[in-house]
Amino acid sequence: MIETLKTPRWYWVVAGLSCLWNAFGCLDYTMTATRNATYLSAFPPQMIEYIDSFPFWLMGCWALGTWGALAGSILLLARSRWAIAVFLLWFSVRMRARGILR
């Protein structure tokens, strides 16, 4: 008889918090990219000018980073083996956007 291990509770807590955290990141990206006036009213004008100066490729990295992180969190909740690969891809995109990886 094969025994199956029960997933520990801390795993579900961490995966759930990760999903919430990354969902807020996706909300921030979406509201900023769609230029939501109510959301952007909390930003100082200098910050909006800074965001407007982003090149297209950087906005793409931001989108891949935020949505990739959410996908990784959902895959964690689904207990998929692909979760680690998606998180590594997300991490490399974030480091590339910050200029750490070349």
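Every read-out reported here was derived from the displayed coordinates using simple, explicitly stated rules and does not represent laboratory data. In this text, all values refer to a predicted model and were calculated from it rather than measured experimentally. Positions of Cβ are backbone-derived with ideal geometry, glycine not excepted, and every protein chain shown enters the neighbour counts.
Annotation note: chymotrypsin sites (Phe, Trp or Tyr not before Pro) in region 9-94 located in DSSP loop regions with a Cβ neighbour count of at most 15 within 10 Å are W82. Angle of helix 9-33 to the longest C-alpha principal axis of the chain, folded into 0 to 90 degrees and rounded to 10: 20°.
Candidates A23, N36, A85 compared by Cα position along the dipole of the chain: farthest toward the positive end lies A85, with charges placed on Cβ.
Between A63 and R81, the simple label model (points 7 Å from Cα in the Cβ direction) yields a spacing of 3.2 nm.
One compactness figure for region 44-91 is 1.50, namely its Cα radius of gyration divided by 2.2 N^0.38 Å. Between the Cα long axis of helix 56-77 and the first principal axis of the chain there is an angle of about 20°, rounded to the nearest 10. For region 10-97, the alpha carbon positions stretch 42, 25, 16 Å along the principal axes, listed from largest to smallest. Between V13 and R96, what is the label-to-label distance in nm when each label sits 7 Å out along the Cα-to-Cβ direction? About 3.6 nm, to one decimal.
Calculated [222 nm] ellipticity per residue, helices only, for the chain: -23500 deg cm²/dmol; basis is -39500 (n - 2.57) per DSSP H run with n ≥ 4, divided by all residues, nearest 500.
Of A85, A63, A15, the residue with the greatest mean-square motion in the GNM of the chain, using alpha carbon springs below 10 Å, is A85. If the chain linking F43 and I2 were pulled fully straight, counting 0.36 nm for each residue of separation and taking away their Cα-Cα distance, it would gain 9.1 nm.
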